Each structure stands twice: as structure tokens, then as C-alpha cells.
1. Just to verify a result, which residue in the range 124-160, among those that are among the acidic types (Asp, Glu) and over 13 Å from Leu113 (Cα atoms), is surrounded by the fewest Cβ atoms within 10 Å (Cβ to Cβ)?
2. State whether the residues of the range 69-85 include one that is loosely packed, with under 12 Cβ neighbours inside 10 Å, touching a residue at least 12 places away in the same chain (Cβ under 8 Å) and part of a strand (DSSP E or B).
3. Looking at the range 109-122, which of the residues that are in contact with a Pro (Cβ under 8 Å, 6 or more places away or on another chain) and among the small types (Gly, Ala, Ser) is surrounded by the fewest Cβ atoms within 10 Å (Cβ to Cβ)?
4. Just name the residue that is surrounded by the most Cβ atoms within 10 Å (Cβ to Cβ) out of those in the range 169-204 that are outside any loop (DSSP other than H, G, I, E, B), in contact (Cβ under 8 Å) with a residue 60 or more places away in the chain and not charged (D, E, K, R).
5. Regarding Ser94, is this residue at pLDDT below 90 and of a type outside the set (Phe, Trp, Tyr)?
6. Those residues that are under 20 Å from Phe12 (Cβ atoms) and either surrounded by fewer than 16 Cβ atoms within 10 Å (Cβ to Cβ) or hydroxyl-bearing (Ser, Thr, Tyr) (or both), I need them from the range 93-108; list them, please.
7. Applying the selection to the range 1-29, what residues are surrounded by 12 or more Cβ atoms within 10 Å (Cβ to Cβ) and within 28 Å of Tyr211 (Cα to Cα)?
8. Quick one: is Asp60 under 28 Å from the mean Cα position of the chain (by Cα) and loosely packed, with under 10 Cβ neighbours inside 10 Å?
Amino acid sequence: MARSIWSGFLSFGLVSVPVGLYPATADQTVHFNQLHKGTSHRIRYKRVDEVTGEEVPTADIVSGYDLGGGEYVVVTRDELKEAAPGKSETIEISDFIDLDEIDPVFFRTTYYLAPRGKGADRAYALLRQAMEETGKVGIATMVLRDKEHLVAVRPGSDVLILETMYFGDEIRTPSEELDTLPEDASFQGRELDVAKKLVESLTVPWQPADYHNTYRSRVMDLIERKREGEAVVFEAERPKSNVVDLMAALEGSLARMGETGGAAATEQPSGRSRGRAGRAGDVPSLDSLSKAGLLARAAELDIPGRSKMAKPELIEAITAASAAQPPKRRPRKIS
């Protein structure tokens, strides 16, 4: 069972619900240790005075705010603790708003809120249902890890979800930061119609399982191959821009979609794969996939022990698992 990283009360009006806060996501990044080349010796870092070159003990390190020109305002740890908001056990919802009013750029990290303690589930379920049926989310502040956060509490299908958010002054204004944005760009007529048709032809229901971290699979494949003593060479052609003749590119894309009967059934650079792996007629294409691609297919089919399989074993396992499953049809918009 997951362990809460914070516990307290979710408050709205005169109602307070005991809750625990739990991470909603898991880091799947492949982590490496830094080593001295040619050895297995770990690299370690020391805190060193840039002038004397001597190592400085943690007790002698203070924080300095850079005023420029080599001038600093020095602040001690005790002073920072006094300025911190202090421990708080309450997430107090001050406002309810429509979720559509919040630009996703404000969202930072996602957590789950779960009821904690006897009798908390009824008030928790009532708030979740009320928010779901009114289409509202609650805005509040909370203290987490000695920092104050703006948060949004929204209803999920069976859980309350808390999103930590950026404050308004933390969001950059695109027009002030980016000097290559088009000015007063507006389209009408055939160009816009063809672009809309292309968007519609690529529109499918949202299925998170259709998207895979192909970079992570390639890195794990690289590690496994090097572990087995193989020489590894990756040859990938960089994408080229084709925006010079925009209309020709749009029409060519539509024509290609028509030839393939909708979205392409091959793996996409974004990590998305279309269709079910290894159906009848797909078996010959499995040989042309990299091991990373095969691992992604195997993950989609939930094949046990896939990470330890060699490429021929993966092909055999994918073929067998696919044959045991009925074909799955997906709705496709027809223009």
C-alpha cells in the first residue's frame, strides 16, 4: 500500500475531512551513477570554497542573495525557518471555479487525496460527488515540505485529485519571451479546411496505454545489449522541416491517411503505437522492429518476463499473445 506524504484536513465551509496525500505518478526515468572512466569508481562531490579550494563543513555554509557586483545579503537557516509558513494540517478551499478556466500551464504536480480515519469516507464521497455534478474544482493553499503551494482539488472517477499549481507571477508571458511568434496570423478557405480535415482524420479516443516511453525502452535495450557484449550503433535520420509548401504538405498528409485507412499503424516518434501488436498480417513486421519496439509491444500485451527475453523470444511471445486475443476495433471518424 502507498504511504502518505502528508496528512491533515480538507476543509470547505464548516466541513473538515481527514485526508492523506499520496503521489499520483511514478518516476520511470533510467538513472545512472557517474563513474571515473575506465574504472567502477563513483564520482563524489565536495563543497569547496572557490577562492581557497578548501572543503567547507555544512555548519559553516550560509545562504546569500545575490545583489550583483559581488554583493550578497546573507540569510541564516534559522532566519529562513522563521520566514517559512510553518507546518499546517489544513487544505482550506476558499473558492470553487470551473476547471476549464484554468490553463494547464498552471499545473505542477498531481497527487491523490484519500479519506483517513473512521467516518471520513462519507464526507469525502459527498464532496467528490458534489464537485463532479457541478463541474467545479476547489482552489486552496497548503504547506508541503515547508513551502506554501497554491492547489486545485478536483474530482476524479473515484478519488479526489490535488494539483499543485504555479502562482500567477511564475508564468511567463509568451509574447514577452518569444520573438518568433507569428503576428496576426489568420487563415481561411482551403488551407484551413484541409488542416481541419487532417486533424479530424487523426482524432481518436484518448487511450493512455497507446503511448509508450520509447526513449526509455531504447536506453534499456542499449544497456542490455552492452551487457551482452554487443557493439551498438544507432542510425536515425533527423526530421526535416517541410513548411515551405504548407498546402502540399497538408494534402500529402491527407492522401497518406487515405491510403492507410486512417492513422498509421506503425510506431510513431512520440511513442504512440496504433493497432494491436502481432495480429495476423503483422507478424512479418515484427522482425523489422528494434528490441525497444518489441518491448513496447510486449508491455502492451502484458507479457511476463519480457525484459529478460532476447529478440527472437519477444517475437514468439508477442505472436502467441496476440493470437490469443480477439481483434479490437476502434472508432474512426470519417470525413
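1. Residues of the range 124-160 among the acidic types (Asp, Glu): 132-133, 146, 148, 158.
Still in the running and over 13 Å from Leu113 (Cα atoms): 132-133, 146, 148.
Numbers: Glu132: 14, Glu133: 9, Asp146: 11, Glu148: 14.
Step by step, filter the range 124-160, then rank; the result is Glu133.
2. Yes; the residues of the range 69-85 include at least one that is loosely packed, with under 12 Cβ neighbours inside 10 Å, touching a residue at least 12 places away in the same chain (Cβ under 8 Å) and part of a strand (DSSP E or B).
3. Going through the qualifying residues, I end up with Gly117.
4. So in the range 169-204, the residues outside any loop (DSSP other than H, G, I, E, B) come out as 169-170, 174-177, 190-201.
Then drop every residue that is not in contact (Cβ under 8 Å) with a residue 60 or more places away in the chain, which leaves 194, 197, 200-201.
Filter again for not charged (D, E, K, R), leaving 194, 201.
Values: Val194: 17, Ser201: 19.
For the range 169-204, the residue satisfying everything is Ser201.
5. Values: at pLDDT below 90: no; of a type outside the set (Phe, Trp, Tyr): yes.
When the stated conditions are applied, Ser94 does not pass them.
6. Narrowing the range 93-108 to residues under 20 Å from Phe12 (Cβ atoms): 93-99, 101-102.
Of everything in the range 93-108, those that are under 20 Å from Phe12 (Cβ atoms) and either surrounded by fewer than 16 Cβ atoms within 10 Å (Cβ to Cβ) or hydroxyl-bearing (Ser, Thr, Tyr) (or both) turn out to be Ser94, Asp95, Phe96, Ile97, Asp98, Leu99, Glu101.
7. Step one: filter the range 1-29 for residues surrounded by 12 or more Cβ atoms within 10 Å (Cβ to Cβ), giving 4-12, 15-24.
Result: Leu21, Tyr22, Pro23, Ala24.
8. Details: under 28 Å from the mean Cα position of the chain (by Cα): no; loosely packed, with under 10 Cβ neighbours inside 10 Å: yes.
Taking the combined requirement at face value, the residue does not satisfy it.
The values are calculated or read from the model by the stated rules, or taken from the named source; none is laboratory data. As the structure is a prediction and not an experimental result, all values here were calculated from the model. Cβ coordinates were reconstructed from backbone atoms using ideal geometry, including for glycine residues, and neighbour counts include every protein chain displayed.
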